């Protein structure tokens with residue numbers, strides 16, 4: 001099977017060019033031309049330059065340059081800006097490496113992640129007030145007294161509605177009713193945890209007959 005170098009050498013000899021003459025015509029060093037004919041690319045510049053040399057060489061000796069470049073690529077894989085490697089050596093370089101994970105190490109990482117998550121959760125409980133969501137009444141609702149107040153907070157929080165403590169179930173849900181006068185009124189719901197952190201949600205309502 002003919003190589004790019006052997007094809008170019010045959011074409012040069014058929015054209016009666018010496019390497020010295022071809023070097024002057026192509027502006028490529030004579031030793032580079034000789035290396036190309038011998039398929040010795042180790043001492044040549046990186047891949048893009050080699051392909052340029054091959055095209056110039058082929059054009060001067062009357063050979064299709066794309067055929068020469070294709071033959072060169074068949075026999076040699078190129079890595080841009082880092083020279084070139086024989087095709088058989090290129091695949092191991094590009095092959096993906098599969099990292100093996102030690103099961104013990106993986107287990108330790110999982111435990112550390114769980115512990116870290118728990119610490120972060122406890123820290124948030126300590127520095128932040130408990131969450132509080134009010135389902136009823138909604139803001140600016142028009143309704144009659146007594147007004148139904150329903151919501152949910154942290155399971156260990158204490159809830160007051162208009163300064164009156166109300167009971168919560170094991171999930172932190174609570175329901176109560178408050179007597180309000182007619183007209184625009186405010187329902188104040190406050191929740192607090194053992195660290196003394198509090199959160200207040202206000203609902204403005206219009207009480208009608």
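Which of (1) under 15 Å from residue 203 (Cα atoms); (2) at pLDDT below 90 is the odd one out, the single condition residue 183 does not satisfy? Result: residue 183 fails condition (2) only. Is it the case that some residue within region 112-133 is assigned to a strand (DSSP E or B), over 31 Å from the mean Cα position of the chain (by Cα), surrounded by 11 or more Cβ atoms within 10 Å (Cβ to Cβ) and modelled with pLDDT of 90 or more? Yes, region 112-133 contains at least one residue that is assigned to a strand (DSSP E or B), over 31 Å from the mean Cα position of the chain (by Cα), surrounded by 11 or more Cβ atoms within 10 Å (Cβ to Cβ) and modelled with pLDDT of 90 or more. Scanning region 157-204 for residues that are in contact with a strand residue (DSSP E or B) (Cβ under 6 Å, 6 or more places away or on another chain), surrounded by 13 or more Cβ atoms within 10 Å (Cβ to Cβ) and either in a loop (DSSP other than H, G, I, E, B) or not assigned by TED's automatic domain parsing to the domain that holds residue 144 (or both) yields a count of 5. On the basis of being touching a strand residue (DSSP E or B) at 6+ places or on another chain (Cβ under 7 Å) and closer than 30 Å to residue 182 by Cα, does residue 133 make the cut? So residue 133 fits the description; yes. In region 134-156, which residues are under 45 Å from the mean Cα position of the chain (by Cα), in a strand (DSSP E or B) and buried (at least 17 other Cβ atoms within 10 Å of the Cβ)? Of everything in region 134-156, those that are under 45 Å from the mean Cα position of the chain (by Cα), in a strand (DSSP E or B) and buried (at least 17 other Cβ atoms within 10 Å of the Cβ) turn out to be 134, 151, 152, 153. If you go through region 4-48 and keep only what is part of a loop (DSSP other than H, G, I, E, B), surrounded by 15 or more Cβ atoms within 10 Å (Cβ to Cβ) and at pLDDT 90 or above, you end up with just 28.
The values are calculated or read from the model by the stated rules, or taken from the named source; none is laboratory data. Since the structure is predicted, the reported quantities are computational estimates derived from the model, not experimental observations. Every residue, glycine among them, receives a Cβ derived from its backbone with ideal geometry; neighbour counts consider all protein chains shown.
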